[in-house]
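Student: One structure, pasted below without further comment.
The values are calculated or read from the model by the stated rules, or taken from the named source; none is laboratory data. Quantities reported herein were computed from a predicted structural model and do not represent experimental measurements. No Cβ is skipped: glycine too gets one built from the backbone with ideal geometry, and neighbour counts run over all protein chains shown.
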Amino acid sequence: MSGLILHVDLSKGSAVTKEYSDGFFRTFLGGGAIGTYFLLKETGAETDPLSPQNVLTIAPGLPTGAAVSGVSRCSVTALSPETGAVGDSQAGGSFGPFLRRAGIDAVVITGSAPVLSYLFIHDGAAEIIEKPDLADRSVLECFDALTAEHSEGKVSILQCGPAGEKKVRFASLASDLHNVYGRTGMGAVFGSKNLRAVVASPTGKIEFADPEALKELAKKGVKRINEDGAGETLKKYGTPGIVGGNAMVGNLSTHNYSAGFHEKYAQLDGSHFVDRIGSKGTTCFACAIGCRKTVKTETPYRVSDRLGGPEFETLGVLGSNLDIFDPVAVARANELCNNYGLDTITMGGIASFLCEAVEKGDIDGEQLGIENFGFGKPEGIFTLIEQTGRGQGLGEVLAKGFSGAVEHFGKATRPYAVQVKNHGFAVHMPQVKPSMALLYAVSPIGADHMSSEHDWISTDTSEAARGLGLYNPGEVESYGPEKVRGVTYSQLYYGLLDSLGLCMFVWGPGGVYDYTELEDLLRATSGYQMTFWELMKAAERRITMMRLLNLRRGFTAADDQLPAKMFTPLKGGASDGKAVDKQKFEAMRANYYLLMGWDEKGVPTKGKLYDLDLLWAAGDE
Ligand code: SF4
């Protein structure tokens with residue numbers, strides 16, 4: 001590892017590298033932990049996420065760039081314009097590995113460029129390049145322009161789309177063409193800094209501590225994937241392959257989270273549509289699974305395979321949750337979001353919010369000014385996405401996310417807004433999965449399905465559960481102590497994966513590799529002889545720092561809540577009649593605080609801060 005972090009001030013036009021110690025990297029590892037560290041150090045309680053003072057960090061992990069499956073992820077962290085809390089988003093692809101091969105372990109960006117610019121990183125340094133003609137160009141157009149500009153060698157491009165330039169608060173970032181940092185509005189932070197893209201050129205080589213051990217680890221993974229069936233469904237169909245299984249247990253959000261099942265669910269399952277519209281798949285850097293599926297079709301809508309196809313979550317939020325069951329229509333909506341640079345999850349949630357408000361008569365459909373708008377009508381949804389991506393028409397209102405929409409359309413529409421901290425829900429339903437009831441409420445970035453394992457981990461007897469200290473398997477429906485432990489311990493483990501830039505499909509509990517091999521990976525890449533204890537402490541430090549940042553910004557336990565709709569019974573399918581039990585949910589949340597070493601108000605105790613060496617972060621050194 002280089003130990004170099006690049007500090008860029010776009011207002012001053014400066015880009016300098018600073019060397020950080022082994023102690024720093026061992027304490028924070030990488031990813032969102034480093035990003036949150038800089039937010040705690042350099043922002044205040046009142047810092048506007050869309051101001052030049054916001055601190056945006058792009059950080060892969062210590063193993064990133066090793067040619068081992070699932071070791072390619074990178075995090076982007078900043079104050080979120082969508083939630084006002086910490087924002088943190090990850091994706092795989094090539095950007096993280098290329099950044100490290102450009103000689104940089106992380107990039108910290110402040111200020112705002114006087115004209116639209118991009119950052120070109122190579123040979124351990126960076127240039128800020130003005131490029132005003134990229135304005136309003138789609139993700140594809142910008143990718144092609146920057147690739148042509150740097151045709152002398154291979155580069156990886158991280159960019160916001162036009163939605164980010166317009167500061168839509170749930171704007172995403174595209175990593176080349178097939179990977180998206182979808183959540184918490186990091187695209188809008190790029191836009192607020194007049195930063196259209198960061199281009200990384202892999203001009204060097206990463207020095208790993210034990211290349212032979214890495215080769216062995218890589219081989220083991222390839223064998224398990226190619227011969228032993230690990231990740232088989234993902235390899236064949238990508239995440240769309242899990243639509244059917246989720247529908248059968250009543251966990252496919254439908255009609256704005258009013259049901260968990262629809263009889264037409266099979267049309268959205270990857271196994272059903274792959275032969276009709278599937279194209280070639282792609283993979284993240286060095287991963288043998290290759291779950292990044294693309295789609296290509298001309299009819300009834302044209303969808304190109306240059307951008308990534310819809311993932312499971314998108315098939316739900318832009319499909320079943322809008323009563324749309326034509327996979328081509330969902331693929332088209334997904335392509336529009338990706339080309340404008342919009343988070344498909346929050347975009348889908350806002351669309352279904354509007355559909356229900358119109359259906360219930362709390363919004364006059366005419367008022368929207370969009371023809372053919374409502375559940376089951378893809379054309380109206382396409383128009384909505386285009387207006388949002390361009391920041392025109394209704395898009396001006398929707399740019400502020402759920403809170404802006406409720407403010408505009410009136411408080412009678414609030415019950416249809418399915419969000420926590422202004423952050424839209426994914427497909428997974430708390431009414432069916434008590435783990436998600438807890439996680440969505442307490443996750444520092446708002447409702448997020450990728451911040452812990454789901455309920456299975458607390459029902460399991462394998463080493464995947466036992467290795468996290470879960471010895472008393474219970475029922476899926478349970479809200480008991482083992483469920484809270486399952487969410488808490490696996491949330492820490494997922495935080496560890498995010499800090500190290502590891503993919504949960506490969507390195508998650510029960511994935512391709514086990515916990516001891518994660519220690520091996522770290523040793524072989526960074527040379528650090530870190531134990532699982534030390535690693536999990538770093539993960540706990542990360543989540544506690546995020547909590548401290550949110551508390552400083554005015555968030556309280558009252559924000560660890562679920563929308564009222566979660567306490568209303570679902571209709572139809574295997575989850576018919578299921579709702580979140582409010583009392584039990586509140587008890588889970590209280591037990592979560594206890595397990596995390598937080599007081600009854602959700603504030604980390606002094607003892608916990610002492611334990612994690614975080615007294616400084618609470619202003620109590
Ligand atoms: S499993 Fe899929 S998402 Fe994960 S690293 Fe491999 S290709 Fe990327």
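Student: Given the criterion under 29 Å from ALA399 (Cβ atoms), within 16 Å of the ligand (Cβ to nearest atom) and hydrophobic (A, V, I, L, M, F, W, C), identify the matching residue among ALA67, ALA59, ALA91.
Tutor: On the way: ALA67 fails: under 29 Å from ALA399 (Cβ atoms); ALA59 fails: within 16 Å of the ligand (Cβ to nearest atom).
That would be ALA91, the only listed residue that is under 29 Å from ALA399 (Cβ atoms), within 16 Å of the ligand (Cβ to nearest atom) and hydrophobic (A, V, I, L, M, F, W, C).
Student: Any residue at all in region 483-499 that is in a helix (DSSP H, G or I), under 15 Å from the mean Cα position of the chain (by Cα), within 15 Å of LEU595 (Cα to Cα) and more than 16 Å from the ligand (Cβ to nearest atom)?
Tutor: yes
Student: Look at GLY404 and say whether it is surrounded by fewer than 22 Cβ atoms within 10 Å (Cβ to Cβ), touching a helix residue (DSSP H, G or I) at 6+ places or on another chain (Cβ under 7 Å) and closer than 30 Å to ARG137 by Cβ.
Tutor: So GLY404 fits the description; yes.
Student: Also: Within region 529-544, does at least one residue satisfy the condition of being touching a strand residue (DSSP E or B) at 6+ places or on another chain (Cβ under 6 Å) and either away from the ligand (no atom under 16 Å from the Cβ) or modelled with pLDDT under 95 (or both)? Show your work before the answer.
Tutor: Looking only at region 529-544, we keep the residues that are touching a strand residue (DSSP E or B) at 6+ places or on another chain (Cβ under 6 Å), and these are 544.
Filter once more, so that each one left must be either away from the ligand (no atom under 16 Å from the Cβ) or modelled with pLDDT under 95 (or both): 544.
Yes, that holds for at least one residue.
Student: Go through (1) in a loop (DSSP other than H, G, I, E, B); (2) within 29 Å of ALA286 (Cβ to Cβ); (3) away from the ligand (no atom under 16 Å from the Cβ) and name the single condition GLY510 misses.
Tutor: Status for GLY510: all satisfied but (3).
Student: If LEU468 satisfies every condition in (1) touching a Pro at 6+ places or on another chain (Cβ under 9 Å); (2) in a helix (DSSP H, G or I) but one, which is the exception?
Tutor: Every listed condition holds for LEU468 apart from (2).
Student: Can you tell me which residues in region 378-396 are free of Cβ contacts under 8 Å to residues at least 40 places away in the same chain and crowded, with 18+ Cβ neighbours inside 10 Å?
Tutor: GLY380, THR383, LEU384, GLN387, LEU394, listed by residue number.
Student: Can you list residue pairs whose Cβ atoms sit under 6 Å apart, with the first residue in region 492-512 being under 17 Å from ILE543 (Cα atoms) and the second being of a type in the set (Asp, Glu) and more than 14 Å from the ligand (Cβ to nearest atom)? Count only pairs 6 or more apart in sequence or on different chains.
Tutor: Final answer for the pair search is LEU492/GLU540.
Student: Among the helices (runs of 4 or more DSSP H) confined wholly to region 303-376, which include 3 or more residues that are of a type outside the set (Gly, Ala, Ser), out of contact with any helix residue (DSSP H, G or I) (no Cβ under 6 Å at 6 or more places or on another chain) and at pLDDT 95 or above?
Tutor: It comes to 327-340, 344-359.
Student: Regarding region 441-450, can at least one residue be identified that is within 16 Å of the ligand (Cβ to nearest atom) and either farther than 28 Å from GLN583 by Cβ or modelled with pLDDT under 95 (or both)?
Tutor: Yes.
Student: Identify all residues within region 570-599 that are in contact (Cβ under 8 Å) with a residue 24 or more places away in the chain, in a loop (DSSP other than H, G, I, E, B) and either exposed (fewer than 13 other Cβ atoms within 10 Å of the Cβ) or of a type in the set (A, V, I, L, M) (or both); write none if there are none.
Tutor: The answer is LEU570, ALA579, VAL580.
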